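Read-outs: derived from the displayed coordinates by stated rules, not from any lab. In this text the structure is predicted, and so the values were computed from the model without any measurement. So basically every Cβ, Gly included, is an ideal-geometry build from the backbone, and we count neighbours across all protein chains shown.
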Amino acid sequence: MTTYQVSMTEKELVQSCLANDRIAQKNLYDKYRKAMFTLAYRITGDFEAANDVLQEAFVKVFKGLTSFRAESTLGAWIKTIVVRTAYSHLRKGKEFFEPIENLPAAASVDWGHYLDAEYLEKAILSLPEGYRTVFILVEVEGYGHKEVGELLGISEGTSKSQLFYSKKRLREILKDQV
């Protein structure tokens, strides 16, 4: 087993992981787990589901590390795996992008007396899954509509309309709080 160096480059870290260096694998996991858990939670809206997604995604990362071509950063590559895994997790057994006219009225959220980041997070989590996923990917993670379409297997137009309606729904939820 090789010794892990604190100042390993991304390439060295990948190579050590490919050589089954358990310390390097743990370090790769530790380096990305918090950010990827947060992303998985924002997409799924559920702590248990986010943990399941994180575990499944990192299994895919370690199994697929041989296919990492360094065309993007390792973090971006892992993020793509987490997004696809979370999306797949949500889609199991149900229609994901519902027709707009079939959606229920905006969920009520207990806001207290002021709006802060925690309340905004609750509002985002109260969005229907399709809206929430597109909103998180575009507005929080910075993906473009074309990238979202490719990640989720939807059209660029669907991504744009889901974002439009997610923002509209958020405005409805937050209108009395601002």
*Label-point separation, Lys34 to Leu125 (7 Å along Cα→Cβ), nm*: 1.9
*Give the calculated FRET efficiency between Glu71 and Glu150 to the nearest 0.05, with a Förster radius of 22 Å applied to their Cβ-Cβ distance.*
0.95
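Test of understanding: what is the full-extension gain from Asn51 to Lys92, defined as 0.36 nm times their sequence separation minus their Cα-Cα distance? Working shown, then result.
On the way: separation 41, 0.36 × 41 = 14.76 nm, distance 1.63 nm.
Taking Asn51 through Lys92 to full extension adds about 13.1 nm, to one decimal.
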*asked:* I need Asp21, Asp46, Asp30 ordered by Cβ neighbour count within 10 Å, fewest first.
replied: Asp30, Asp46, Asp21
*Pairwise FRET efficiency - Leu174 versus Phe62, Cβ, R0 = 35 Å, nearest 0.05*: 0.30
*Among the lysines, which have Cα under 25 Å from the Cα of Lys11 when same-chain residues fewer than 8 positions away are ignored?*
Lys26, Lys31, Lys34, Lys60, Lys63, Lys79
*asked:* Given contacts defined as C-alpha pairs under 8 Å and at least six residues apart, what's the relative contact order of segment 10-91, whole-number percent?
replied: 33
